[in-house]
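Notes for the one structure printed next.
The values are calculated or read from the model by the stated rules, or taken from the named source; none is laboratory data. Predicted, not measured: the structure shown is a model, and the values here were computed from it. FYI the Cβ positions are ideal-geometry reconstructions off the backbone, even for glycines, and counts take in every protein chain you see. Quick note on the areas: whole protein, heavy atoms, side chains included, nothing else; ligands and nucleic acids left out. Shrake-Rupley method; radii C 1.70, N 1.55, O 1.52, S 1.80 Å.
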Amino acid sequence: ALTGARVPFETLSRLGLTRRDKDRALARFRANPDVTTLIVDQKSAEGLDLSFASVVVLMEPLSNASLEAQVVSRAHRMGQKDEVRVYVLAMRGTAEETLLEVQAELRGKKNAKETPDDDDGLRADVAPTVATEALSRRRILER
């Protein structure tokens with residue numbers, strides 16, 4: 001889609017890329033201001049410093065909130081000089097939208113320091129990922 005839209009990009013997630021290939025792609029991305037998009041998947045992001053990135057787009061919400069926070073924190077590392085904007089994409093009426101709603105609800109409870117027990121008896125403070133997935137499944141089935 002990026003190629004068809006003529007959006008210049010580099011990728012670190014193509015199968016068969018060696019560490020040297022990834023380093024070169026990263027160097028091209030950093031050196032060329034016309035290249036505005038760097039594609040990184042979970043595996044290729046391990047140990048990667050993204051403090052030069054000012055926009056992070058997650059193509060789908062992650063059910064593991066800790067992993068999502070880790071991905072975003074890679075752009076917030078020391079040395080970051082710009083404001084970092086984060087976007088999470090989800091289509092309306094999908095399981096991903098329900099997942100985002102549940103994550104927001106659980107964050108709201110945590111931020112408001114409300115009782116972690118909800119109407120379903122799940123304890124969000126004990127296992128937030130399990131609670132998010134269980135609530136998401138339940139809400140999807142209710143639709």
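Here are some notes:
- Along the axis of the charge dipole computed for the range 2-91 (Cβ charges of +1 for Lys and Arg, -1 for Asp and Glu, origin at the Cα centre), the listed residues 86, 36, 26 are led at the positive end by 26.
- Accessible surface for the range 34-84, divided over its residues, is 63 Å² per residue with a 1.4 Å probe.
- By accessible area, using a 1.4 Å probe on protein heavy atoms only, the range 2-91 has 52% of its surface on carbon and sulfur.
- Using Cβ point charges alone (K and R +1, D and E -1), the dipole size of the range 2-91 about the Cα centre works out to roughly 300 debye.
- Backbone amide hydrogens, once placed in the peptide plane, bring residue 56 within less than 5 Å of 85, 86, 87, excluding anything fewer than 5 places away on its chain.
- Cut-off 10 Å between beta-carbons: net charge of the residues surrounding residue 54, Lys and Arg +1, Asp and Glu -1: 0
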